[in-house]
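Scroll down for the structure; my scribbles are underneath it.
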Amino acid sequence: MAFLNPLATHALSLKDKPVLEDVIKGSGLLSERKITTRNMALVLVHDLLFLGRIQAKGAVPDAVIRHKTRLRSELERIKVRKGVASVAGLAQSPDVRAGKIARDVGPRI
């Protein structure tokens, strides 16, 4: 599986981490046999729900795509419960760690 830009994607998902964890827990995504790590699930669900596509290829992203409808409906449930109209209203204050993650992925000289 090859991520196109994993550092930038992970930095974006830190501010949405509590919401993404609720979505993953509510949808039962981690019970899928191919999805083994919570961090990978966080990044893939972030890409699917907030970017509209998954920036990876392989069996694990395909397993997340199979749960696309369930994940989106769980996100809508959370939005209704919290009384917000958009995903931007769900975001927490930015995580301090997000600023420390390198944005460039090129070779270091």
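The values are calculated or read from the model by the stated rules, or taken from the named source; none is laboratory data. Here the structure is a predicted model, which means the values were calculated and not measured. Here the Cβ is made from the backbone with ideal geometry for all residues, glycine too, and neighbour counts use every protein chain on show.
Of these, R97, R53, R72, which one is surrounded by fewer than 13 Cβ atoms within 10 Å (Cβ to Cβ), in contact with a helix residue (DSSP H, G or I) (Cβ under 7 Å, 6 or more places away or on another chain) and at pLDDT 75 or above?
It is R53.
Scanning the stretch 1-33 for residues that are among the basic types (K, R) and either modelled with pLDDT under 55 or closer than 16 Å to V64 by Cα (or both) yields a total of 2. Going by the conditions given, is V43 assigned to a helix (DSSP H, G or I), β-branched (V, I, T) and in contact with a Ser or Thr (Cβ under 9 Å, 6 or more places away or on another chain)? Taking the combined requirement at face value, the residue satisfies it.
Matching residues to (1) hydrophobic (A, V, I, L, M, F, W, C); (2) surrounded by 15 or more Cβ atoms within 10 Å (Cβ to Cβ); (3) within 19 Å of A91 (Cα to Cα):
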{"residue": "E21", "(1), (2), (3)": "no, no, yes"}
{"residue": "G28", "(1), (2), (3)": "no, no, no"}
{"residue": "T36", "(1), (2), (3)": "no, no, no"}
{"residue": "A41", "(1), (2), (3)": "yes, yes, yes"}
{"residue": "D47", "(1), (2), (3)": "no, yes, yes"}
